1. Quickly estimate the mean residue ellipticity at 222 nm for the chain, helices only: each DSSP H run with n ≥ 4 gives -39500 (n - 2.57), and the total goes over all residues, rounded to 500.
2. Between L28 and residues 5 or more places away or on another chain, which pairs have amide H atoms under 5 Å apart, with H built 1.01 Å from N, and which residues are they?
3. In whole percent, how big is the carbon plus sulfur part of the accessible area of the chain, probe 1.4 Å, protein atoms only?
4. Report the one residue of I9, H52, A70 whose Cα lies farthest in the direction of the positive end of the charge dipole of the chain (charges on C-beta: Lys and Arg +1, Asp and Glu -1; origin at the Cα centre).
5. Which entries of K11/K65; K10/K73; K4/K62; K26/K74; K4/K26 show an alpha-carbon separation above 18 angstrom in the structure shown?
6. For the chain, modelled as a Gaussian network with Cα springs under 10 Å, which listed residue fluctuates most, K65, K48, K11?
7. Using the Karplus equation 6.51 cos²θ - 1.76 cosθ + 1.60 (θ = phi - 60°), what ³J(HN,Hα) coupling, rounded to whole Hz, does each residue of segment 16-25 give in order, writing x for Gly and Pro?
Amino acid sequence: MAGKQIEQIKKLFCERLAVANLDENKSLEELGLDSLDVVDMCLDVEDKFGVHFETEELVAFKTVKDLFEAIEKKLGE
């Protein structure tokens, strides 16, 4: 189940960033995302998938991979 949800989330991120594919090794900054963008995107994930992020978690994300790993972990809980 989490695998299907993470794929939906990746698709949402691609749509929001207007890219065909996300390079998970890229930093969020390289994609043009600032901390407010990350918070906004995570709030969308919280609303749609019922997960919750602490503020400390949100500021720790540096790469797309960091973000997706945290989301996947939360979906598995």
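The values are calculated or read from the model by the stated rules, or taken from the named source; none is laboratory data. These numbers were taken from a predicted model, which means no experiment stands behind them. A quick note on method: Cβ atoms are made from the backbone with ideal geometry, for glycine too, and the neighbour counts reach across all protein chains shown. Just so you know, the surface numbers come from the protein's heavy atoms only, side chains and all, with ligands and any DNA or RNA stripped out. Shrake-Rupley method; radii C 1.70, N 1.55, O 1.52, S 1.80 Å.
1. -20500 deg cm²/dmol
2. The list, which skips near neighbours in sequence, is T63, V64.
3. With neighbouring chains kept in place, the figure for the chain is 49 percent.
4. Of I9, H52, A70, it is I9.
5. The answer is K4/K62; K26/K74; K4/K26.
6. K48
7. Here the 3J(HN,Hα) series is 5, 8, 6, 10, 7, 9, 9, 7, 5, 8 Hz.
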